[in-house]
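All remarks here apply to the structure that follows.
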Amino acid sequence: MREFGEAPIERYVERYDLLVVDHPFAGFAAAHGVLVDLAPRLSETEKLCFADDSVGPSWRSYWYGGGLWALPIDAATQVASYRVDLLLKFFPLVPQTLDEVLDLGKKARSAGKFIIVPACPTDAISLFFTLTANLGHPIAEESEEFVSDAVAREVFDRLHALISLAYPKSVDWNPIQVYDFMVSSSDAFYCPYGFGYSNYSRIGNSPRLRFTNAPGADQRGCAGTMLGGTGVAVSKQSNHQPEAIDYAKWLASPEHQRGTYFRKGGQPASLAAWTDRSVDAAADGFFSGTLQTLQTAYMRPRFDGFVRFFEAAGVEINRCLRRDLQDAQLVQWLNAGYAAQRISARRIA
């Protein structure tokens, strides 16, 4: 899972014509010229079609510094999931707020069960971004300060409360490990925040997970969960750029996205696919159940150097969730690290 989100692009551009990347790499691509700028390679009509067919900010997320560095082929954000056969034994309705999630967690614990949340380093920093945005304080790329003490307190109060009730392996696991456990065991049956994977909800799986909009930590509903997903990019060193660009456009086309791409296990970034009734039915309502969260997702910073900060910050936040690092120390580290990367990015630019 880590490779498309954090592994260095320069390791692969000499070997492959096409690369699957996460949108925070857009700043690096703009600064270092490792990927083909697709903006001049698309007609205005094609750009408008891709923009209209975008799930949430997926299309916009690959634009940076005036260039377009990938075409979105996968859309994801942190959404909720649960075992239908188990949840209603403990709670009358699917939780809509984080307070309700915590109530569910307490009831589950009293019965020897758990809620669960992926909180390994990558997902720990993702949870932090989600909660800051959902609480109305999204972390901005242009900000000199990563997070204020007051906002950090709000976030960590909620994160520590969540982790204290969650299955103990939560701080070790990514979403796939969490979902594999949920479908193979009855010990944990509800996850409030995890990047959605429609594969776990598809008809034919038994047991399978039901996915729904993320709970709100405050008054904003599900808005502000951190955007994930992937895009297909073309290496600047490719000797077959026209063919690679044509192939990338085909991969991102709504016809392919709601057809073969979905049938072969892909999770589309095309709005036409997300709103296709047959696609939604085949995934047991995954797309209709989580679309609102995707449409209101938060797009994290993308400046050159951000990916390095994101990876290091995930390790530190995970340490804090394990109680190996004090909240105040972490906030100081986050602000210093973010400021250092912002200064470095400005020097390169």
Treating only Lys and Arg (+1) and Asp and Glu (-1) as charged, each at its beta carbon, one finds that the stretch 57-156 has a dipole about its Cα centre, in Debye to the nearest 20, of 700
Out of Gln219, Pro242, Phe181 - ranked by how far each Cα lies towards the positive end of the dipole of the stretch 123-247, with unit charges on the beta-carbon of charged residues - the top one is Phe181
For the stretch 218-223, Karplus-derived ³J(HN,Hα) couplings (6.51, -1.76, 1.60; θ = phi - 60°; whole Hz; x for glycine and proline) come out as 9, 10, 9, x, 8, 5
With -39,500 (n - 2.57) per DSSP H segment of 4 or more residues and division by the full residue count of the chain, the 222 nm estimate, nearest 500 deg cm²/dmol, is -13000 deg cm²/dmol
The relative contact order of the chain, taking Cα pairs under 8 Å that sit 6 or more residues apart, comes to a percentage of 32
Per the charge dipole of the chain (beta-carbon charges, Lys/Arg positive, Asp/Glu negative, Cα centre), the residue among Thr230, Ile317, Ala269 reaching farthest to the positive end is Ile317
Computed over the stretch 3-130, the distribution of all Cα-Cα distances in 5 Å bins, rounded to whole %, is 2, 8, 14, 16, 13, 11, 9, 8, 8, 6, 3, 0
Taking Rh as the Kirkwood radius computed over alpha-carbon pairs of the chain and applying Stokes-Einstein at 4 °C with viscosity 1.567 mPa s, one gets a diffusion coefficient in µm² s⁻¹ of 63
Once phi for every residue in the stretch 137-152 is put through the Karplus expression 6.51 cos²θ - 1.76 cosθ + 1.60 (θ = phi - 60°), the whole-Hz ³J(HN,Hα) values, with Gly and Pro written as x, are 10, x, 6, 9, 4, 7, 5, 7, 10, 5, 7, 7, 4, 5, 5, 4
One checks the Cα atoms of the stretch 233-349 and finds Rg and Dmax, in Å, of 20.3, 52
Taking 0.36 nm per residue of separation between Leu42 and Trp250 and subtracting their Cα-Cα distance, the length gained on full extension comes to 73.6 nm
Within the under-13-Å Cβ sphere about Thr97, not counting Thr97, Lys/Arg +1 and Asp/Glu -1 give a net charge of -2
Scoring only Lys, Arg, Asp and Glu (+1, +1, -1, -1) among other residues with Cβ under 14 Å from the Cβ of His256 yields -1
Magnitude of the Cβ-charge dipole (Lys and Arg +1, Asp and Glu -1) of the chain about the Cα centre, nearest 20 debye, reported as 700
Most fluctuating of Tyr12, Tyr338, Tyr200 in the GNM of the chain (C-alpha, under 10 Å) is Tyr12
With Cα springs under 10 Å, the Gaussian network model of the chain assigns the largest mean-square fluctuation among Ser185, Ser170, Ser201 to Ser185
Each label sits 7 Å from Cα toward the beta-carbon; between Thr275 and Ala336 the label points are separated, in nm, by 4.9
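Set the Förster radius R0 to 22 Å, insert the Cβ-Cβ distance between Ser148 and Ile343 as r into 1/(1 + (r/R0)^6), and round the FRET efficiency to 0.05.
0.70
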Cross-link reach from Lys264 to lysines, straight Cα distance under 25 Å and at least 8 residues apart if same chain, gives Lys249
In order over the stretch 107-116: 3J(HN,Hα) from phi, Karplus 6.51/-1.76/1.60, θ = phi - 60°, whole Hz, x for each Gly or Pro, gives 5, 4, 4, 5, 9, x, 10, 9, 7, 8
For 77-88, 235-246, ranked highest to lowest by mean beta-carbon neighbours within 10 Å, the order is 77-88, 235-246
Straight-line reach check, Lys106, cutoff 22 Å on alpha carbons, 8 or more apart in-chain or any other chain, hits among lysines -> Lys89, Lys169
The simple spin-label model distance between Asp172 and Leu93, using points 7 Å out along Cα→Cβ, in nm, is 3.7
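Computed from the coordinates by the stated procedures, all read-outs in this text should not be read as laboratory data. What you see is a predicted model; the values in this text were computed from it and never measured. So basically every Cβ, Gly included, is an ideal-geometry build from the backbone, and we count neighbours across all protein chains shown.
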